Amino acid sequence: MSTFNLLLLPGDGIGVEVMAEVERLLAFFNKKSKAKFEVTTDLVGGAAIDKYGTPLTDETLAKAKQADAVLFGSVGGPKWDNVPYEIRPEAGLLRLRRELDLFANLRPAICYPALAEASTLKREYVEGLDILILRELTGGTYFGEPKEIVTLENGEKRAVDTTIYTTHEIERIALVAFDLARKRKGKVHSAEKRNVMKTGVLWNQVVTETHKKYGQGVELHHILADNCAMQLVRNPKQFDVIVCDNLFGDILSDEAAMLTGSLGMLPSASLGAPDENGRRKALYEPVHGSAPDIAGQNKANPIATIASFGMALRYSFDMVREADLLDQAISNTLARGLRTADIMQPNMREVGTSEMGSAILEELERLTA
Ligand code: IPM
Ligand code: MG
């Protein structure tokens with residue numbers, strides 16, 4: 001039996017509640033002796049600022065580097081709106097992504113059959129939707145320098161963000177896109193803004209060249225990122241894998257989330273390059289934020305975080321069967337009519353975070369009995 005070292009970073013707001021549901025799943029797998037999960041829990045984001053004055057301590061970062069996988073909740077909230085920019089809660093997450101070199105962010109948007117009515121789009125457009133947004137996560141506008149606000153001689157201010165991409169950064173994310181597409185429907189859309197941005201021009205060239213060399217069996221399309229945003233709501237099922245830079249990926253993945261019914265449904269995996277043993281550093285997190293307005297009220301949808309744990313089973317622990325069963329348990333629970341407030345529909349039963357977690361766990365117990 002394999003032993004896995006897991007670092008849980010619940011963070012702030014609803015992150016704490018949704019992570020508690022994953023802890024119950026971990027206890028279940030440990031009891032079932034499917035694998036042995038050794039769990040450490042630590043602070044990140046606002047919670048870490050309150051205790052240590054920084055959103056991510058060096059000790060926590062070191063633990064993350066040692067772990068087989070990190071499970072992350074969410075960070076931020078109005079309480080920390082006025083902390084200095086350098087130590088804002090989000091900086092903790094960005095430092096983790098950067099220091100662990102988690103360049104490949106997988107954000108699958110799947111519309112569960114039972115939720116086809118919960119989307120703001122008409123049923124026929126989203127029913128059966130299964131697309132994957134692959135977001136470059138360690139480069140581009142998020143990390144490019146200079147990044148500053150300076151005061152000019154005339155007293156006016158000038159803000160600068162810098163978007164940078166190198167050949168290597170684009171090539172490695174393109175390779176992940178082609179690999180993933182081969183296990184799916186074999187189609188990749190590469191989204192950029194080559195009509196206005198130099199990084200878009202290089203992105204387009206490198207993806208094209210990488211496809212020529214390593215893209216056998218994969219159909220490649222180039223699409224302007226703004227058109228991609230429009231096509232996502234016009235006809236989302238035309239897509240299979242969408243690969244894009246850090247900033248476009250942030251935006252397009254929130255948009256894709258709504259196709260599935262709610263931002264509370266979208267999981268994600270952030271992966272690094274494989275090491276000499278073929279293992280990748282990995283962090284799993286829901287795409288949603290800390291939702292301070294509903295935090296601590298047992299209202300949050302835990303599915304994105306539970307499904308993120310499912311991605312950890314799949315990509316970090318090689319427990320593909322268990323990952324499939326967990327997805328099935330989520331799907332069955334929704335089919336039974338249980339809904340958290342964010343995906344509530346007429347004639348369904350509204351439940352809280354812990355009831356949803358319990359129902360999924362019970363379903364999993366049934367499926368694995
Ligand atoms: C996301 C979030 C983060 C991002 C924030 C919290 C820094 O929106 O993971 O999509 O912009 O990457
Ligand atoms: Mg985002």
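The values are calculated or read from the model by the stated rules, or taken from the named source; none is laboratory data. This structure is a prediction, so every number in the text was calculated from the model and none was measured. When we count neighbours, we look across all protein chains shown, and the Cβ atoms used for this are built from the backbone with ideal geometry, even at glycine. Note: accessible area is taken over every heavy atom of the protein model, side chains too, but ligands, DNA and RNA are not part of it. Shrake-Rupley method; radii C 1.70, N 1.55, O 1.52, S 1.80 Å.
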Need pairs with beta-carbon distance below 6 Å; first residue at pLDDT below 95 and within region 288-305, second among the aliphatic types (A, V, I, L, M); sequence gap 6+ or separate chains.
His288/Leu263; His288/Ala304
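Being in the same structural domain as Lys281 (by TED's automatic domain parsing), small (Gly, Ala, Ser), modelled with pLDDT under 95 and touching a helix residue (DSSP H, G or I) at 6+ places or on another chain (Cβ under 9 Å) narrows it down to one residue among Ala48, Ala35, Ala20, Ala64; which is it? Working first, answer last.
Values: Ala48 fails: modelled with pLDDT under 95; Ala20 fails: modelled with pLDDT under 95; Ala64 fails: modelled with pLDDT under 95.
From the options Ala48, Ala35, Ala20, Ala64, the qualifying one is Ala35.
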Restricting to region 316-328, give me the number of residues that are surrounded by 18 or more Cβ atoms within 10 Å (Cβ to Cβ), in a helix (DSSP H, G or I) and either outside the structural domain of Gly289 (by TED's automatic domain parsing) or in contact with a Lys or Arg (Cβ under 8 Å, 6 or more places away or on another chain) (or both).
2
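Limited to region 209-263, what total is found for residues that are part of a strand (DSSP E or B) and within 14 Å of ligand 2 (Cβ to nearest atom)? Lay out the reasoning, then the answer.
Step one: of region 209-263, the residues part of a strand (DSSP E or B) are 219-224, 241-244.
Adding the requirement that they be within 14 Å of ligand 2 (Cβ to nearest atom) leaves 244.
Residues meeting the conditions: 1.
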Identify, please: which residue in region 250-262 is at pLDDT 90 or above and open to solvent by 10 Å² or more (accessible area, probe 1.4 Å) and is, among those, nearest to ligand 1 (Cβ to nearest atom)?
Asp250
Scan region 340-348 and tell me whether some residue there is out of contact with any strand residue (DSSP E or B) (no Cβ under 8 Å at 6 or more places or on another chain) and in a helix (DSSP H, G or I).
yes
Would you check if there is a residue in region 266-282 being part of a loop (DSSP other than H, G, I, E, B), within 14 Å of ligand 2 (Cβ to nearest atom), open to solvent by less than 10 Å² (accessible area, probe 1.4 Å) and over 16 Å from Leu96 (Cα atoms)?
yes
For region 39-61, name all the residues that are more than 20 Å from the chain's Cα centre (by Cα) and open to solvent by 50 Å² or more (accessible area, probe 1.4 Å).
Val39, Thr40, Asp50, Lys51, Tyr52, Asp58, Glu59
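Can you tell me how many residues within region 337-360 are within 21 Å of the chain's Cα centre (by Cα) and of a type outside the set (D, E, K, R)?
Kept after step one, since they are within 21 Å of the chain's Cα centre (by Cα), are these residues of region 337-360: 340, 342-343, 353, 356-357, 360.
Applying the additional criterion that residues be of a type outside the set (D, E, K, R) yields 340, 343, 353, 356-357, 360.
Of the residues in that region, 6 qualify.
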